[in-house]
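In what follows, a structure is listed as structure tokens, so that the remarks can point back to it.
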Amino acid sequence: MMKKFCLVLVILLTCAGCSSKTKESLYNEGKQQLEASNPGAAVVFFKNALEKDGNYLEARFQLAKAYAALGKNEQAEKEFTKVLTQNPTRDEVLLELAKLNNASGKGAQGFSYATQYLAKHPGAVDGLEAAGISCLVSKKHQEAREYFTQALKVDPSRSATKLELASLDMATGDTERAKALLNEVILAEQKNFKALYMLAAIENNSGHGDKAAVLYQKILQLDQNQVLALYKLGLLYLERGEVDKADQRADQMIKAFPKKGDGYRLKGLAAFYRKRFDDAITSLQQSVKLSPTLEAYHFLGLSYYSKGELENALSQFRVVLDRVPEARKSRLMTAQTLLAQKRTEDGIAEIKKVLASDDNDAVAHNLLGGAYMSQGLFEEGMRELNLATKLDPKMVNAHLKKGAFYFSKGRYTEGETELATAVQAAPDAQNSRLLLASYYQSQKKPAKALSTLKSGLKGGKGDAPLYNAIASLQFSGGNKAEGIKTLEQAKRVDPGFAATYQNLAGVYAATGDYPRAMAELNQLLARDAGNLRALLGLAALSEISGKESDAVAYYQKATQTKAPEAFLALAGYHQKKGNVAKAIGVLDEEIKIDPRAISALEAKGRILASQKEYQKALKVFDQVEALNEERGVALKIGAYVAMNDSSKAVEQAGRLIAKRPGSSQGYLLLATVHQSLRNIPAAINEVNKAIRADGKSVEARIALGNLYQGTKEYDKALASYQYAQRMNPDSVAAQFAIGALYDSTGKKNQAADAYRAVLQKNDRYVPALNNLAYLCADGYGSKEEALRLAISAFKQQPGNPGVMDTVGYALAKNGRSADAVKVMERAVALLPNDPTVRYHLGLAYYLAGDRARSEQALQKSLSLGQSPDTKAAQTLLAELKR
């Protein structure tokens, strides 16, 4: 009790001391603390100064800088903004705000402040440098280089700009040019520590740890108080596995610099590597207290995670993500922690954020595959796991990954052995068991697949994923009754396992039994009111059944989950109904939640463009460009083409070509402009330039094939598609293009085979689902399969009228003419001038016994011009008139 009393007394005395000082003396002490790299103490003094005078502008400015030094960027921005409000002529605040946003990874906002500063101070070297950094943060590398080059023209000796230019070279992989620039800076300024640290980082990242160590030693010779160099040397020990040496180094640092966090951070990392997580947490907490760093928070989170304290772990990872939303490792660990808490949907949402930035992230795909597997989504999980091992065949988890690697090399026997070994080594690890079963299934060995799955059954709740996989095998073998029976067993062993209800709903929906399908999804919602898949599934089925108010209610409830796909689905529904304002309102709601939601921004821009509000659309596409340059430019080109402003469309493509002459994208976009102008030779010429720029571009080969197909040079088109497929056998787009070509030239069986090959790679690829469903409805497969495929496509794209047409056609072929009429009437409302859709409506009326409406629809179909269904429409109309 006495200790607490003393502590309170000290605080009171300190506060009393502050109250007796003038605002100027408090300000001066704050400045001293800030210059001594003690921003936490500086904040206290500046805040006390402001308590005495809220209009003390200089104290507020320095308070903002102190917050920025602490990494509290939101508070810093708030204070800087107050300074600017009080004194709009204080231009250096614009520069500070630019730096702050750049440091937070907000390149677009940083660029806005930097250009405002440059407008007031044209040619100012610090403004040019800040604008260049903003472009570098936004990965606009060519613009960044231009700004840095301008800055160096103004001040050729400016080392800060040279360092940023070196950072740009490092980001673009030109390490030799970066090293040359850094050595140039060091030659001019021997004690430029930032240059020395950057050079050491390049050496270390290149695998030259010894050279990096020499550079850190050089830094210490120049200044023995460079704690960061000591810390980096300690990290090199850890990387080499010399944990004892790292620990000793940490102790030396703590003794020499007890008020700095670096020694404690290194001590914490050494403890973490030894798996002494309590010790790691103690040291890392002290490190964060003295000098908070994102690295310390991340390892603090890892330590809590390793101890099983999952909520504490999440708190640490969220600190990192609040400051740097693009922090991949912390985002993935957040996802993994959520999955460990059985908050699977939340975990999946976090993984998808990583994949939205980089779809080639093998670790994220692997984690997503495991998440889907835990939900019993066997096919989706397998797709993600297979993609992960294709992206990185050397991933850890030895037997499992070795097996996948052997499969990728065609060494199936060895791959099977590795997977079987994985199952034997960890019989309770379901991922390896499911992967082995999938392999047997792909090799048409269903008995082995079934045996592998059944041997993992333990008689408890954990059997539910295996029962779902067994049911999948039974359905693929045509044994629907047994499959349903197995799924019912899965419900009994674990009534809370969501995938069982979803899979049963899929089975019933595929046979047109919508009430039972919806009953399964409603059972799931009774257990999990926020299940996104169930809500969207119910919305889609309600829509197909003509229950519009129910559909809207389910879509709206889905948006309460804050999932991006829910907002897109609801917006698509409103757009389909012609309520553009509501559609945009829904998308704005999603953009407010996540201003970086590219899909929502793109959808909003497309809707505006469809309404001919091109200037508004272009502003939205500018936002997309700030997040993804190539995607944004492509959308803007599409808008300019729609506006018949081909010169601006060409200008946009030319700008991209000038920036990235070694990329195919600019040339391909220019080709689309020529194609829109019906100048096919010019379009082909640009695609050939794309191929010369990037000989490995599958997209360019497909684009060339599309152009040849448009001119009916089918042999050339097929050769181009097949070349693309040889370049990348996993390319879904190339395989689909081949199928579509066969389809359009009447080779229906070959087209169906090609579409099935696509769905083996990606069973959610809507164009293949839709086209194969149509072929099955026409007899190139079973009518039941046609309906299953069509509904699967519709559930993913309920706003697509072409998919809706296929659903109606499949319903008609399955004898559900009344349902077919409802669906086809909605499809016709969306595509009133499509002769094929009108023919399908006429067919649905005919099958439902409404001859008068059938005749009317068929006549309208024929009046709209030639189509692949013209002959069928004429034949049916003649029969009606007999």
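Nothing in this text is a laboratory measurement; each read-out follows from the coordinates by a stated rule. Since this is a predicted model, take the numbers as computed values, not measurements. FYI the Cβ positions are ideal-geometry reconstructions off the backbone, even for glycines, and counts take in every protein chain you see.
Output the 0 to 90 degree angle, nearest 10, between the alpha-carbon long axis of helix 92-103 and the longest principal axis computed from the alpha carbons of the chain.
Approximately 60 degrees, to the nearest ten.
Below 12 angstrom from the Cβ of ALA752, what's the summed charge of the other residues (Lys, Arg +1; Asp, Glu -1)? Before the final figure, lay out the partial values.
On the way: positive: LYS747, LYS748, ARG756; negative: ASP743, ASP753, ASP778, GLU785.
The answer is -1.
Got the relative contact order for the stretch 766-882 handy, in percent, Cα pairs under 8 Å and 6 or more residues apart? Working shown, then result.
Details: 173 pairs, mean separation 20.1, N = 117.
Over the stretch 766-882, the number comes to 17 percent.
Give me the one-decimal Kirkwood hydrodynamic radius in Å for the chain, with the sum taken over alpha-carbon pairs. Write down the numbers at each step before the final one.
On the way: mean 1/r = 0.0318 Å⁻¹.
By the Kirkwood definition, the hydrodynamic radius is 31.5 Å.
Expressed as a whole number of Å, what is the distance separating the alpha-carbon centroids of the stretch 79-140 and the stretch 678-723?
About 44 Å separates the Cα centre of the stretch 678-723 from the one of the stretch 79-140.
Please report the spacing between the Cα centers of the stretch 338-365 and the stretch 540-597 in Å, no decimals.
The stretch 338-365 and the stretch 540-597 have Cα centres separated by 23 Å.
Could you tell me the center-to-center distance, by alpha carbons, between the stretch 767-815 and the stretch 258-333 in angstrom?
Taking the Cα centre of the stretch 258-333 as reference, the centre of the stretch 767-815 is 51 Å away.
Once the mean 1/r over all distinct Cα pairs of the stretch 292-359 is inverted, what Kirkwood radius in angstroms do you read off?
Working: mean 1/r = 0.0859 Å⁻¹.
For the stretch 292-359, the Kirkwood estimate is 11.6 Å.
Please determine, in degrees from 0 to 90 and to the nearest 10, the orientation of helix 430-442 with respect to the longest principal axis defined by the Cα atoms of the chain, where the helix direction is its Cα long axis.
Helix 430-442 sits roughly 40 degrees off the main axis of the chain.
Past 24 Å, Cα to Cα, is the threshold; run LYS106/LYS140; LYS153/LYS179; LYS21/LYS289; LYS106/LYS353; LYS47/LYS120 against it and keep the listed order. Kindly include the intermediate steps, with their values, before the conclusion.
Details: LYS106/LYS140 13 Å; LYS153/LYS179 21 Å; LYS21/LYS289 27 Å; LYS106/LYS353 17 Å; LYS47/LYS120 31 Å.
Those over the limit are LYS21/LYS289; LYS47/LYS120.
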